[in-house]
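Written below as structure tokens is the structure these notes are about.
The values are calculated or read from the model by the stated rules, or taken from the named source; none is laboratory data. Keep in mind that what you see is a predicted model, and the values were worked out from it rather than measured. With ideal geometry, Cβ positions are generated from the backbone for all residues, glycine too; neighbour counts draw on all protein chains shown. Side chains are part of the model used for accessible areas, which takes the heavy atoms of the whole protein and leaves out ligands, DNA and RNA. Shrake-Rupley method; radii C 1.70, N 1.55, O 1.52, S 1.80 Å.
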Amino acid sequence: KQEVTQIPAALSVPEGENLVLNCSFTDSAIYNLQWFRQDPGKGLTSLLLIQSSQREQTSGRLNASLDKSSGRSTLYIAASQPGDSATYLCAASQGGSEKLVFGKGTKLTVNP
Amino acid sequence: EAGVVQSPRYKIIEKKQPVAFWCNPISGHNTLYWYRQNLGQGPELLIRYENEEAVDDSQLPKDRFSAERLKGVDSTLKIQPAELGDSAVYLCASSRRGGHGTDTQYFGPGTRLTVL
């Protein structure tokens with residue numbers, strides 16, 4: 001059974017700082033790994049999707065990496081802004097079942 | 001392009017009452033998902049539809065939960081009777097196709113259910 005863990009649970013940084021959010025998964029037989037953002041009281045917004053054959057994906061100030069062998073993914077946010085404040089969720093598609101398994105998320109606060 | 005629409009946004013009911021949630025996916029999206037998100041947790045899949053067919057409902061508590069997706073478009077999730085532990089946010093998502101989760105899922109704003 002796939003389990004996804006995100007560390008840290010919460011992170012507070014000053015504006016402009018570069019930061020890394022971590023995600024680990026127990027079953028390396030994944031089809032892809034996705035990072036989502038969730039603002040308070042709202043649904044999830046997809047940020048990046050990394051296929052199992054890929055090592056990383058980039059979108060603007062965001063870069064996500066995937067290391068299947070070690071069961072880890074990282075989301076790198078460059079030059080953080082107060083608008084980046086949200087909860088970031090990592091999800092791995094469970095091999096064989098086509099199901100996304102989510103972590104509990106990391107709550108990011110970027111202080112002006 | 002309009003996003004995933006859900007209603008109601010909020011619902012407060014007493015335990016043992018029935019409740020229903022409605023979802024309209026993005027036009028052209030064949031796959032529809034219902035998730036439940038408890039406070040401080042990530043979403044958990046309840047059921048996945050490919051067009052009209054429920055292809056993964058292993059996490060759906062079938063004694064009290066039911067779902068349908070008529071004509072392969074809109075979907076309704078029902079709870080009868082509701083229990084205190086059902087208080088959560090119910091999220092609907094859609095994607096162009098399923099297939100090993102290879103396609104981006106687009107989420108609606110969710111319905112926050114409170115059972116008193």
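Okay, here's what the table says:
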quantity	calculated
Members of the range B:22-59 that are within 17 Å of B:Arg97 (Cβ to Cβ) and open to solvent by 20 Å² or more (accessible area, probe 1.4 Å)	B:Ser27, B:Gly28, B:Asn30, B:Glu50, B:Asn51, B:Glu52, B:Glu53, B:Ala54, B:Val55, B:Asp56
Hey, A:Ser53 assigned to a loop (DSSP other than H, G, I, E, B) and free of Cβ contacts under 8 Å to residues at least 60 places away in the same chain or not	yes
Qualifying residue in the range A:17-36 (condition: surrounded by fewer than 16 Cβ atoms within 10 Å (Cβ to Cβ) and closer than 29 Å to B:Thr111 by Cβ)	no
Residue check, A:Pro8 under 18 Å from B:Tyr35 (Cβ atoms) and more than 9 Å from chain B (Cβ to nearest Cβ)	no
Unique match (being open to solvent by 60 Å² or more (accessible area, probe 1.4 Å), of a type in the set (Gly, Ala, Ser) and more than 14 Å from chain B (Cβ to nearest Cβ)) among A:Gly60, A:Gly83, A:Gly71	A:Gly60
Residues of the range B:8-19 satisfying the condition of being open to solvent by less than 50 Å² (accessible area, probe 1.4 Å) and outside any loop (DSSP other than H, G, I, E, B)	B:Ile13, B:Val19
